[in-house]
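This report concerns only the one structure given below.
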Amino acid sequence: MGMADIDIRELRAYEPYCIECGETGPIETSSFLAFAWEQAHDCATAARTAEVAQAS
């Protein structure tokens, strides 16, 4: 039985991060999508969401 023919490729991952509140976004393989998350991120909404999750 021979070995499988496997092609290994390197993927780059980008993890968006908000400097103001410290929240991290989803890990993306596209720098554009990571940048889009950073631009759309709203610290006040993220804080309210975290408060609701802790209250539950």
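Among the residues making up the stretch 45-56, those that are assigned to a helix (DSSP H, G or I) and polar (S, T, N, Q) are T45, T49, Q54. Taken together, the residues in the stretch 14-23 that are acidic (D, E) and surrounded by 10 or more Cβ atoms within 10 Å (Cβ to Cβ) amount to 2.
Beta carbons closer than 9 Å, at least 6 apart along the sequence or on distinct chains, pair a first residue in the stretch 1-22 that is under 30 Å from T45 (Cα atoms) with a second that is assigned to a loop (DSSP other than H, G, I, E, B) and open to solvent by 100 Å² or more (accessible area, probe 1.4 Å) for R12/T29; A13/I27; A13/T29; Y14/I27; Y14/T29; E15/I27; P16/I27. Residues that are outside any loop (DSSP other than H, G, I, E, B) and out of contact with any Phe, Trp or Tyr (no Cβ under 7 Å at 6 or more places or on another chain) were ranked within the stretch 7-26; the one that is nearest to T49 (Cα to Cα) is Y17. Regarding the stretch 32-44, can at least one residue be identified that is surrounded by fewer than 11 Cβ atoms within 10 Å (Cβ to Cβ), over 10 Å from the mean Cα position of the chain (by Cα) and not in a helix (DSSP H, G or I)? No: the stretch 32-44 contains no residue that is surrounded by fewer than 11 Cβ atoms within 10 Å (Cβ to Cβ), over 10 Å from the mean Cα position of the chain (by Cα) and not in a helix (DSSP H, G or I).
Mind checking whether some residue in the stretch 4-13 is surrounded by 10 or more Cβ atoms within 10 Å (Cβ to Cβ) and acidic (D, E)? No, that holds for no residue.
The values are calculated or read from the model by the stated rules, or taken from the named source; none is laboratory data. These numbers were taken from a predicted model, which means no experiment stands behind them. Note: ideal-geometry Cβ built from the backbone for every residue, glycine included; neighbour counts use all protein chains shown. In case anyone asks, the SASA skips ligands and DNA or RNA and just uses the protein heavy atoms, side chains included. Shrake-Rupley method; radii C 1.70, N 1.55, O 1.52, S 1.80 Å.
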